[in-house]
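The values are calculated or read from the model by the stated rules, or taken from the named source; none is laboratory data. Nothing here was measured: the structure is a model prediction, and the numbers come from that model. Positions of Cβ are backbone-derived with ideal geometry, glycine not excepted, and every protein chain shown enters the neighbour counts.
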Amino acid sequence: MKIAVRRKQIRTGFAVLLGAILLSGCSIDNQYGRVGMPEPATEEGNRILSLWQGSWLAALIVGVLVWGLLIWAIVAYRRKEGDGLPEQTRYNVPLEILYTVAPLLMVLALFYFTQRDQTILTKVDDSSSHSVNVVGWRWSWAFNYENEGVYDVGTPGNPPELWLPVDEKVTFELTSPDVIHSFWIPAFLMKMDVVPGRNNKFAVTPNTEGEFMGKCAELCGVDHSRMLFNVKVVTRAEYEAHIADLKERGQIGKLDSGRAKLAGVS
């Protein structure tokens with residue numbers, strides 16, 4: 001009788017815990033439902049967040065199943081007074097097939113959804129409104145606004161600003177003259193390596209006005225921690241005013257290396 005009551009209490013406890021966790025993830029706006037991710041500030045961010053949440057949900061289901069079976073086995077088959085040694089078996093073919101096939105199916109499912117979303121997110125076409133060439137160099141950033149023919153650049157002690165018009169798709173072309181860096185804007189839920197000799201590209205559509213933080217996510221040297229930049233997502237009018245300001249400051253043209261031009265930047 002006591003064993004039956006205990007089993008019922010364990011099952012009820014697991015049901016309540018699982019229900020609370022699942023209900024907390026019903027809304028993207030819930031910070032617990034985002035599982036540590038910031039609220040997406042781009043149209044593409046929701047797809048990334050959905051993949052992240054789905055991966056955690058799958059892991060949770062598998063974890064609860066495994067924990068439940070472990071606790072059930074501990075309670076149901078615990079050794080009692082007077083019991084002798086349990087029956088000794090060398091192997092169980094159906095069980096071994098199960099714990100070989102089941103993990104393989106889970107890995108294949110995760111691979112499918114990851115590859116599907118990655119293909120969509122890294123696809124670059126001609127639908128972007130404008131393009132920004134991001135130059136990562138030791139140890140700051142230069143931003144070449146390709147369509148407008150102007151640039152901005154910073155230093156480790158004076159981070160540059162990247163201005164983007166809201167609700168307009170932008171393509172980032174990433175280049176580096178020295179070592180590998182990584183261009184990361186956490187609020188965009190998107191990150192990509194900046195590799196010397198290779199032009200990596202991705203496109204996003206910022207849909208939330210505001211100021212966001214950007215940083216290098218690849219250990220690149222002594223001042224890596226100060227390789228920061230700020231992102232401002234603004235209206236089209238504010239964006240055009242900023243471009244005009246860059247032109248008035250004489251920052252016309254394109255930088256291939258932030259270092260090479262620092263002396264001429266006011």
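When you go through 15, 20, 4 one by one, which is the residue that is more than 18 Å from residue 113 (Cβ to Cβ), surrounded by fewer than 10 Cβ atoms within 10 Å (Cβ to Cβ) and modelled with pLDDT under 75?
Of the residues listed, the single one that is more than 18 Å from residue 113 (Cβ to Cβ), surrounded by fewer than 10 Cβ atoms within 10 Å (Cβ to Cβ) and modelled with pLDDT under 75 is 4.
Looking across region 34-55, just one residue is of a type in the set (Val, Ile, Thr) and closer than 15 Å to residue 115 by Cβ, and that is 48. The residue of region 35-60 that is nearest to residue 203 (Cα to Cα), among those that are surrounded by 13 or more Cβ atoms within 10 Å (Cβ to Cβ) and either at pLDDT below 80 or more than 17 Å from the chain's Cα centre (by Cα) (or both), is 35. Among the criteria (1) outside any strand (DSSP E or B); (2) under 17 Å from residue 47 (Cα atoms); (3) in contact with a Leu (Cβ under 9 Å, 6 or more places away or on another chain), the one residue 192 does not fulfil is (1).
Every listed requirement among (1) surrounded by 15 or more Cβ atoms within 10 Å (Cβ to Cβ); (2) in a loop (DSSP other than H, G, I, E, B) is met by residue 171 save one, (2).
Scanning region 195-226 for residues that are farther than 22 Å from residue 37 by Cα and either part of a strand (DSSP E or B) or touching a strand residue (DSSP E or B) at 6+ places or on another chain (Cβ under 7 Å) (or both) returns 199, 200, 201, 220, 224.
Residues are listed down the side, and each one gets a yes or a no for (1) more than 21 Å from residue 42 (Cβ to Cβ); (2) touching a strand residue (DSSP E or B) at 6+ places or on another chain (Cβ under 6 Å); (3) of a type outside the set (D, E, K, R):
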{"position": "167", "(1), (2), (3)": "no, no, no"}
{"position": "176", "(1), (2), (3)": "yes, yes, yes"}
{"position": "179", "(1), (2), (3)": "yes, no, yes"}
{"position": "188", "(1), (2), (3)": "no, yes, yes"}
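Of all the listed residues (182, 176, 225), the sole one being without any contact (Cβ under 8 Å) to a residue 24 or more places away in the chain and polar (S, T, N, Q) is 225. Out of everything in region 109-161 that is more than 23 Å from the chain's Cα centre (by Cα) and among the polar types (S, T, N, Q), what residue ends up being surrounded by the most Cβ atoms within 10 Å (Cβ to Cβ)? Taking the candidates together, the pick is 144.
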